[in-house]
Structures are given as structure tokens and as C-alpha cells.
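Visitor: Before anything else, here's the structure in question.
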Amino acid sequence: MREKLVSVEQAAQIVKDGDHIVFNGSMDWTPMAMLRELARREIRGITALGVV
């Protein structure tokens, strides 16, 4: 079976400039690691939506 979990770094590799991304983080700071990684990679123009 193919692995379904990936690291933050691996997930950030598939996000490109201008993409729309959705986070599911029930009132904690979990999505912040991904946002920091996207900022570190200088991904621009993304639309981020947080679902709680």
C-alpha cells in the first residue's frame, strides 16, 4: 500500500505559486509548520483556507 502520510517538506514541494490550499486544524497551531515551510520556500500568491 502506498504511504499516505508525508513530511511537511514533502507536502510543500507540491504547492506552487498561486495555488489554493485548505488546512484542517481544530483550533491548534498544526498548520503553522506548513505555512512556515511555504514561506521558507518563498511560495507566493497562495490562498490559504483554514477549516475548523
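Visitor: If amide H atoms are built 1.01 Å from N in the plane of the peptide, which residues on other chains or at least 5 residues away come under 5 Å of the amide H of PHE23?
Guide: LEU49, GLY50, VAL51
Visitor: Could you order the peptides 6-13, 40-47 from most to least packed, using the average number of other C-beta atoms within 10 Å per residue?
Guide: Per-residue Cβ counts within 10 Å, averaged per peptide and sorted highest first, yield 6-13, 40-47.
Visitor: So what is the calculated 222 nm ellipticity per residue for the chain, using -39500 (n - 2.57) for each DSSP H run with n of 4 or more, over all residues, to the nearest 500 deg cm²/dmol?
Guide: Taken over the chain, the calculation gives -9000 deg cm²/dmol.
Visitor: Please get the size of the charge dipole for the stretch 8-51, origin at its Cα centre, with Cβ charges of +1 on Lys and Arg and -1 on Asp and Glu, quoted in debye to the nearest 20.
Guide: Values: 5 positive and 6 negative charges, 18 e Å.
In total the dipole reaches around 80 debye.
Visitor: For the chain, count the residues as N, evaluate 2.2 N^0.38 Å, and divide the Cα radius of gyration by that value, please.
Guide: Numbers: Rg = 11.4 Å, N = 52, 2.2 N^0.38 = 9.9 Å.
Relative to the rule-of-thumb radius for its length, the chain sits at 1.15.
Values quoted throughout were computed directly from the atomic coordinates according to the rules given, and no laboratory measurement underlies them. What you are looking at is a predicted structure, and each value in this text was computed from that prediction instead of being measured. Because the Cβ atoms are built from the backbone with ideal geometry, glycine has one as well, and the counts that use them run over all protein chains shown.
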